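Undergrad: Below you will find the structure I want to go over with you.
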Amino acid sequence: MEEQPLMTKVLQKNLETCLRDFVSAKQLNGVILTIHRDGEERMDWEGSGGNLKSSSPFFLTDVSYMFLAALVLKLRARGKWKLTDKLSTYIPSETSERLLVRRGKDLTNEIELGHLLAHRSGVSDFMMGKSSKLPSLAERIAANDDFSLSRKELLKLIKNTTPAFAPGSPKRLCYSHSNYHLLVLALEYLTHQPVAMLLREFQFKPLGMNQTYTYDSPLDRTPSFFYHKDICISVPKAIHSFGVVGGLVSTASDSMAFLRAFFHGNLFPVEYLDEMQSWVPAGNGMHYGMGLSKYEAHGLPFLFSQQPTIIGMTGFSGAFALYVPEKKIYFTGTVNQLNEPHLPFKLVQKICKVLP
C-alpha cells in the first residue's frame, strides 16, 4: 500500500484502534477489513486482527450471490434471456418436475429467473430443512459435522423442502440458498459451460482477481476456515459440495476489485442497479433485492442515532462485500464468525463513525 499523506496518519491510527477494539469486544478469532473510497477524497486502507492477515484467502459463502447475479445480468444485457423467463425453460424436465409443489399443485412452471435472483420463488432453503431425526445442514456445519453432497442429492433436498409461498407472491420473500443453486443449473444449461469457467472469463480475469477461485478440492487447505464461537469449523467436503454457490474463495483485495466493478457498472449495465434495489423487507433490519441485501439499523438503541444504510452481501461464514452510498465507501473482508450474522454490518457501522 502506498504511504498515506501526513494528515491521514491520525485517521490510520484511529482505524487500527477501532478494528482492534471490535475484535476484542466481539471476541473474534480473526478479522480482515479493506476500505476504499473513490473521488477527490480517495482513500485506501486495509487491516486485520487475530489469526488472519490482510492477504489471507477466505470463503465468500453467500457473497457469491453478487457474482452470480452479475453474470445473470450480463447475459440478460446480451439478449440471451430475460428475467421474466421461466426457470423450466432452462433446465431439463426431469429436474424441474415437482420442484415446487404447493397444496398439491406443481407450481414449478411459474418460477421466473427474476424470482430466484430476488428470493421470491417460494422455494425454501435446503440448508434449513430438517426431519424429526436429523439436524439441518446449517446446524451440522455449526456443529463442525462435515458432509458431502452430489448435485443429484442437493436437488433432492431442494424438492423435499416445504414451499414458503407461491412463486412471485407480492411482498413475500424467503431467503434461500436453493434459489442460486437453481440459477446455476439454468446458467449451465443456457451456456453449455460450467459456471466456474464463466466467472473466470467474465469476472476474475478481466478484474485481475488472481487469488479468487472455486473451491474444487476438499483437500485444499489454502482458505481460512471460519468459526462458530470458539470452534474452528472445518467442513471442506460441505463447502466443496456447494460449488460456486458458497464455495468461492477470495481475498479482501480481490473482493474489493469486484465490489467496485459491480457498483460502477463494469460487469453489467449500470442502469440495472435501480431495478436490483427493489427491496422487500425480511425483518431485523434486513431487506433483499436481486443479488443484493440492504441493512438499516433498527430498534430502540438506534432511534436517536444516525446510522448509514448499507448495501451488498454478507455470507454465513462472516464474509462481506458492502457499500455505504451516503459516504461512497466500499468495505470487503470477513469477521470469520458464523454465530452472529449481523457482525459485518456492526463492524461497518463502527468504522463509519471514525471516517470523515
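Coordinate-derived values only; no laboratory data. Bear in mind the structure is a predicted one, so any value in this text is a computation, not a measurement. All Cβ positions, glycine included, derive from the backbone under ideal geometry; neighbour counts span all protein chains shown.
Undergrad: Evaluate E = 1/(1 + (r/R0)^6) for residue 136 and residue 309, where r is the Cβ-Cβ distance and R0 equals 30 Å; express this FRET efficiency to the nearest 0.05.
TA: Efficiency at R0 = 30 Å is approximately 0.45.
Undergrad: Given a Förster distance of 45 Å, report the FRET efficiency between residue 150 and residue 8 from their Cβ-Cβ distance, rounded to the nearest 0.05.
TA: Values: r = 52 Å, r/R0 = 1.15.
The pair residue 150/residue 8 has a calculated efficiency of 0.30.
Undergrad: Most mobile of 119, 177, 36 per a Gaussian network model of the chain (Cα springs, under 10 Å)?
TA: For the chain, modelled as a Gaussian network with Cα springs under 10 Å, the answer is 36.
Undergrad: Also: Place a point 7 Å from the Cα of residue 16 along the Cα-to-Cβ direction; which residues of region 42-69 have their backbone N under 19 Å from it?
TA: Within reach of a label on residue 16: 43-56.
Undergrad: Same structure, new question: Could you give the length gained by full extension between residue 175 and residue 210, i.e. 0.36 nm per residue of separation minus their alpha carbon distance, to one decimal place?
TA: Details: separation 35, 0.36 × 35 = 12.60 nm, distance 3.04 nm.
Taking 0.36 nm per residue and subtracting the Cα distance, the gain is 9.6 nm.
Undergrad: Right, next: Grab the DSSP H runs of the chain that are 4 residues or longer, score each as -39,500 (n - 2.57), total them, divide by all residues and round the 222 nm result to the nearest 500 deg cm²/dmol. Intermediate values should be presented prior to the final figure.
TA: Numbers: 12 runs with 112 residues, N = 356.
Counting only the DSSP helices, I get -9000 deg cm²/dmol.
Undergrad: Could I ask something else about it? Classify region 63-207: rounded, prolate or oblate, from the alpha-carbon gyration tensor (a ≥ b ≥ c, eigenvalue square roots; a/c under 1.5 rounded; otherwise prolate if a/b is larger than b/c)? Don't skip to the answer; put the middle values down first.
TA: Numbers: a/c = 1.82, a/b = 1.24, b/c = 1.47.
Oblate, because a/c is 1.5 or more while a/b does not exceed b/c.
Undergrad: Which residues in region 166-188 have a backbone N closer than 13 Å to a point placed 7 Å from the Cα of residue 278 along the Cα-to-Cβ line?
TA: Correct set: 168-172.
Undergrad: Relative to the present Cα-Cα distance, how much length would full extension add between residue 40 and residue 230 at 0.36 nm per residue of separation? Present the calculation step by step, with values, prior to reporting the outcome.
TA: On the way: separation 190, 0.36 × 190 = 68.40 nm, distance 4.21 nm.
Using 0.36 nm per residue and subtracting the Cα-Cα distance, I get 64.2 nm.
Undergrad: Further question on the same structure: Between residue 353 and residue 93, what is the FRET efficiency for a Förster distance of 56 Å, r being their Cβ-Cβ separation, to the nearest 0.05? If you can, show how the numbers build up before the last one.
TA: Details: r = 54 Å, r/R0 = 0.97.
Here the calculated transfer efficiency is 0.55.
Undergrad: Could you work out how far helix 177-191 tilts from the main Cα principal axis of the chain, as a 0 to 90 degree angle to the nearest 10?
TA: 70 degrees
Undergrad: Moving to a separate point now. Could you pull out which residues in region 153-183 have an amide N less than 19 Å from a spot 7 Å beyond the Cα of residue 101, following the Cα-Cβ vector?
TA: Counting backbone N atoms under 19 Å from the label point, the list is 153-167.
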